[in-house]
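Below is one structure, written out as structure tokens; comments come after it.
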Amino acid sequence: MCEENHTSRPPFKRRHLVFVTAVIVTMALSLQGCNLFTEDDEEPVVRETFLLGTLVRITVHEWEQGTDVEGALDETLVEMEKLGARVSVYEDESDVNRVNESPQTPIEVSEDTLHLLQTALQMNRETEGAFDPTIGPLVSLWGFYTGDYRVPDSEEIQHALQYVDASSVQVDPEARTVRIKEGMQLDLEALAKGLAAQRAEAALTERGVTSALISAGHSSVHAVGDGPGGRPWKIGLIHPRNLSEIYGKLQIRASEAVSTSGDYQRYFEENDTRYSHIIDPQTGRPGRTIKTITVLTDDSIIADALSTALFLFEPQEALQWADERGGVDVVIMTADGAVLYSEAIEDRLQLEDD
Ligand code: AMP
Ligand code: MG
């Protein structure tokens, strides 16, 4: 069996914006030689839903005998939806919005939000500030929350930058409260998809699923078990300028996570310049050095956070950063179209023009 799933979403609100669900191509290999229960002649069970501002897809290939796959998928999606409702800036009643609406006040949040925020602050330190969970005022200024895109002037950017400061977020882990300063806005979108994927893995595994692929958001992919028949999964890397094509395939194994951030996922154009949704907390402007970056690691939250943060690095520096950190591999397409990748994944990466 060989499957290719392409998912693309229609334009988001505005004509000049192409907000595309990154195409996740899974090429599941044949279901032979496997000691688990599978339905050999049947298609995998696929379920999709819209949450965390994007499309989530779960493809289940193998499960233990007696598993209620449909039931497992239903329950998993309910858990993911509940998580989204707690952490997403796009959900009115979320923890993040409650904190944003009451600056200067310690607001009690869920374990999930606390965990994401603490990881976000750790990522902020590790990436020299490139990852910033207080990026909200800038995301808002450029219009990415509402779709009212515009290029702000320098004065507006300087003004918003005053309120982007991860070091001033006050977290009390014991009381589970978060307090921000007046004018600040938290945004955990850049790593929440990773937690959703992790949550889905746990929910599916608990219910007897042994081989599945979760794509949470337009870019996060998490493997539950190996691919069908114990083979590696093959993930397609979308070409950032031709979204119906892939520029490479990457093999991943059980529990590995892949996250892609790119300037084709959410952007607008003005005067022939593309402005994407990942904003540099140093300059207050969208990153411009990388078209797309894919991060492979064993933790979905870290993969998600790092693809966003490293998108803002110079390509060579992103590669070096990953190399020095260890346990993190990257594939990058630079602004001028060159493809760079970590040496450690050379034998797992197949580039289309190889
Ligand atoms: P992702 O799609 O995971 O790369 O996350 C992009 C989203 O994260 C954006 O739509 C913003 O909501 C938020 N974001 C933008 N810039 C940053 C940044 N520098 N650090 C953290 N989050 C960001
Ligand atoms: Mg991310």
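The values are calculated or read from the model by the stated rules, or taken from the named source; none is laboratory data. These figures come from a predicted structure and were not determined experimentally. In this analysis, Cβ positions are derived from the backbone assuming ideal geometry, glycine residues included, and neighbour counts consider all displayed protein chains. Protein only, heavy atoms only, side chains kept; ligands, DNA and RNA dropped before computing areas. Shrake-Rupley method; radii C 1.70, N 1.55, O 1.52, S 1.80 Å.
Computed quantities for the displayed model
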| read-out | value |
| --- | --- |
| Of all residues making up the range 45-73, the number that are assigned to a helix (DSSP H, G or I) and touching a strand residue (DSSP E or B) at 6+ places or on another chain (Cβ under 8 Å) | 4 |
| Strands (runs of 3 or more DSSP E) completely within the range 145-226 that count 1 or more residues being more than 24 Å from residue 268 (Cα to Cα) and of a type in the set (Asp, Glu) | 170-172 |
| Filtered residues of the range 231-268 (kept if out of contact with any Lys or Arg (no Cβ under 7 Å at 6 or more places or on another chain), more than 16 Å from ligand 2 (Cβ to nearest atom) and among the small types (Gly, Ala, Ser)) | 244, 248, 254, 255 |
| Residues of the range 226-246 satisfying the condition of being open to solvent by less than 20 Å² (accessible area, probe 1.4 Å) and within 23 Å of residue 51 (Cβ to Cβ) | 233, 235, 236, 238 |
| Candidate set from the range 303-320 (those that are surrounded by fewer than 24 Cβ atoms within 10 Å (Cβ to Cβ) and among the hydrophobic types (A, V, I, L, M, F, W, C)); member that is farthest from ligand 2 (Cβ to nearest atom) | 319 |
| Test: residue in the range 322-334 that is within 11 Å of ligand 1 (Cβ to nearest atom), in contact with a Lys or Arg (Cβ under 7 Å, 6 or more places away or on another chain) and at pLDDT 95 or above | no |
| Pair list, Cβ under 6 Å, 6 or more apart: the range 163-188 residue open to solvent by less than 60 Å² (accessible area, probe 1.4 Å), other residue among the hydroxyl-bearing types (Ser, Thr, Tyr) | 164/134; 165/134; 166/134; 183/163; 184/134; 184/163 |
| Condition met for residue 292 (crowded, with 24+ Cβ neighbours inside 10 Å and more than 10 Å from ligand 1 (Cβ to nearest atom)) | yes |
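Condition check ((1) over 22 Å from the mean Cα position of the chain (by Cα); (2) surrounded by fewer than 23 Cβ atoms within 10 Å (Cβ to Cβ); (3) closer than 22 Å to residue 176 by Cβ) across all residues:
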residue: 63; (1), (2), (3): yes, no, no
residue: 77; (1), (2), (3): no, yes, no
residue: 86; (1), (2), (3): no, yes, yes
residue: 92; (1), (2), (3): no, yes, yes
residue: 105; (1), (2), (3): yes, yes, yes
residue: 116; (1), (2), (3): no, no, yes
residue: 121; (1), (2), (3): no, yes, yes
residue: 128; (1), (2), (3): no, yes, no
